Amino acid sequence: MDAAAAVAPPEVAGRRFLGMMERRLIRATGVAGTLAPEVPAPMSECPSSTERAAAARAWHEGELPVGGLAPAATARRAQAQSFLPTVDWSRLLGRDGREPHPSDKTQLLPGCQAPLYGGTVGFGVLSGILGSASAYFTAIAVKGLDENVLCNPDYHKFIPPMKPVCHAVMRSDLDEMIGTYIGSSQGALTFFVAWGLYMGWEAHSRLSLRYQVIRELALEPMGPPTSQLAVVCASGFLTSQADVFLPWEVDSDNPWTEGQVFAVRFDTPVLLRLGTHLVGLLSRVANQAMVAAQVALAVSTPPTLCQTLLYSLVTELDDVFDLAIKRAEQAGRALAQQLVVPVPARPGPPRPATLVGYSVGAVLVHACLRELRRLADSGEAPHAADVVCDVVLIGAPIAGGTAAEWAALRQLASGRFVNGFLPTDQELRGHAQRRFSAPYAGYRPLSSVPGVENVVLSEFVSTHLEYARQTPVILSRLLQG
């Protein structure tokens with residue numbers, strides 16, 4: 001019941017929350033079978049938003065026929081459970097604040113060894129070269145420690161204890177010995193090995209997170225399934241566990257019912273980290289200013305400058321936005337594989353689906369479309385080209401892509417294909433600039449792609465963080481009629 005417990009933020013009214021709890025308890029205990037309608041026949045084509053709203057609302061919970069447990073009800077439950085089950089080896093990371101189970105072994109993506117170990121070695125060698133280069137300047141600083149610092153009369157005026165230290169150092173050759181060793185080839189080699197091993201290990205740890213197999217993936221129905229259409233919705237970041245479900249709550253202006261909506265839950269710890277990152281705007285600005293100040297102060301001290309630059313680079317390897325994007329791509333490919341699998345409880349073609357996502361959730365939708373395109377073109381699943389009804393991308397951090405590639409994805413949707421973007425999205429613009437990437441779809445229109453509806457969202461949001469709360473308003477405006 002973790003999913004039910006996550007939908008209780010302060011802004012949710014008690015009546016709505018108790019209703020959702022009741023529906024989830026009914027579904028979990030199997031009582032929902034007494035209220036389930038007959039399984040509808042597979043759709044031959046995707047209806048419009050208006051037709052879906054009119055047809056689906058005839059199956060509201062209060063209007064469902066009450067009777068005995070029918071075979072069709074059993075089929076309905078099996079259909080819902082087999083649509084996209086939680087990955088068998090998945091453990092919910094961070095659930096209730098607990099650490100992963102010891103039996104959960106970190107798994108890496110197939111084929112990632114080359115970039116993982118290549119990046120580790122490359123970063124280690126670069127760090128070693130910079131470390132050995134800084135050895136020369138470190139030797140000069142050590143040799144001049146007594147004359148320039150410890151025995152400087154100007155310092156003695158403010159720090160009297162430095163005078164006896166100066167006398168002790170002048171009687172010793174320790175600083176000269178250390179400086180001579182550091183400045184020698186042996187010292188340069190020592191710095192090369194030390195810096196290379198340490199920074200290489202740091203890079204390996206962060207790259208391993210990037211290429212780790214996703215360990216949490218499930219579809220969470222918002223209510224008892226009451227329609228042959230699945231509306232798969234993906235949140236792009238979480239400020240609380242409730243944000244897995246909250247942006248997709250059904251209201252009177254929504255073209256869907258709760259029986260149609262499925263919320264994708266994937267790698268919630270990473271999405272919570274991303275949400276915290278987006279909320280902490282002031283701390284991020286302060287941190288960027290501090291790094292700039294450190295670089296400016298370190299220009300005159302080459303060893304410190306090298307260290308500052310290396311730590312800045314290794315921190316970028318652990319960027320939470322990149323990590324969330326990698327996880328979303330994996331989840332999108334897994335979703336596509338499940339969408340093309342026929343439901344055992346119902347003969348006929350796979351269940352049609354509408355795909356919606358904001359922020360990193362739009363990356364999940366994009367990855368799902370790309371995998372469906374691959375399955376259809378390769379002949380592995382020719383019906384993959386007929387699964388998707390509508391597609392809605394909101395604030396998508398998706399870089400580049402040619403017009404032909406986008407057009408191939410557009411052909412998968414038998415209905416509408418919407419790209420909602422915010423031209424002033426500084427979060428996405430800054431991320432693209434740091435990656436030297438092509439412009440993101442989240443702040444520019446896909447104007448060269450026929451059939452794509454480009455919608456400016458400045459009326460609804462002013463920052464990337466606002467997507468989580470404004471998505472219901474955006475969808476009700478986009479999909480009415």
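The values are calculated or read from the model by the stated rules, or taken from the named source; none is laboratory data. Computed from a prediction, not measured in an experiment: that's the story for all the values here. A quick note on method: Cβ atoms are made from the backbone with ideal geometry, for glycine too, and the neighbour counts reach across all protein chains shown. Side chains are part of the model used for accessible areas, which takes the heavy atoms of the whole protein and leaves out ligands, DNA and RNA. Shrake-Rupley method; radii C 1.70, N 1.55, O 1.52, S 1.80 Å.
Values for this structure:
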{"read-out": "Some residue of the range 404-424 being under 26 Å from D243 (Cα atoms) and open to solvent by 60 Å² or more (accessible area, probe 1.4 Å)", "value": "yes"}
{"read-out": "Residue check, L272 open to solvent by 10 Å² or more (accessible area, probe 1.4 Å), in a helix (DSSP H, G or I) and modelled with pLDDT of 90 or more", "value": "yes"}
{"read-out": "Test: A230 is over 30 Å from A468 (Cβ atoms) and in contact (Cβ under 8 Å) with a residue 24 or more places away in the chain", "value": "no"}
{"read-out": "Selection status of T180, surrounded by fewer than 18 Cβ atoms within 10 Å (Cβ to Cβ) and touching a Lys or Arg at 6+ places or on another chain (Cβ under 8 Å)", "value": "yes"}
{"read-out": "Scan of the range 426-465 for residues that are outside any loop (DSSP other than H, G, I, E, B), surrounded by fewer than 18 Cβ atoms within 10 Å (Cβ to Cβ) and among the acidic types (D, E), ordered by number", "value": "E453"}
{"read-out": "Some residue of the range 186-204 being open to solvent by 20 Å² or more (accessible area, probe 1.4 Å), of a type in the set (D, E) and part of a helix (DSSP H, G or I)", "value": "yes"}
{"read-out": "Filter pass, Q288 being modelled with pLDDT of 75 or more, of a type in the set (S, T, N, Q) and within 26 Å of the chain's Cα centre (by Cα)", "value": "no"}
{"read-out": "Options L335, L364, L369; residue that is in contact with an Asp or Glu (Cβ under 9 Å, 6 or more places away or on another chain), at pLDDT 95 or above and in a helix (DSSP H, G or I)", "value": "L364"}
{"read-out": "Flag if L219 is among the hydrophobic types (A, V, I, L, M, F, W, C), open to solvent by 40 Å² or more (accessible area, probe 1.4 Å) and on the phi < 0 side of the Ramachandran plot", "value": "no"}
{"read-out": "Single residue of the range 114-143 satisfying the filter (under 28 Å from S208 (Cα atoms) and aromatic (F, W, Y)) that is surrounded by the fewest Cβ atoms within 10 Å (Cβ to Cβ)", "value": "Y117"}
{"read-out": "Output for the range 207-216, where each listed residue is crowded, with 20+ Cβ neighbours inside 10 Å and assigned to a helix (DSSP H, G or I)", "value": "L207, R210"}
{"read-out": "Neighbours by Cβ (under 9 Å, 6+ apart or cross-chain): first from the range 170-184, polar (S, T, N, Q); second open to solvent by 70 Å² or more (accessible area, probe 1.4 Å)", "value": "T180/K143"}
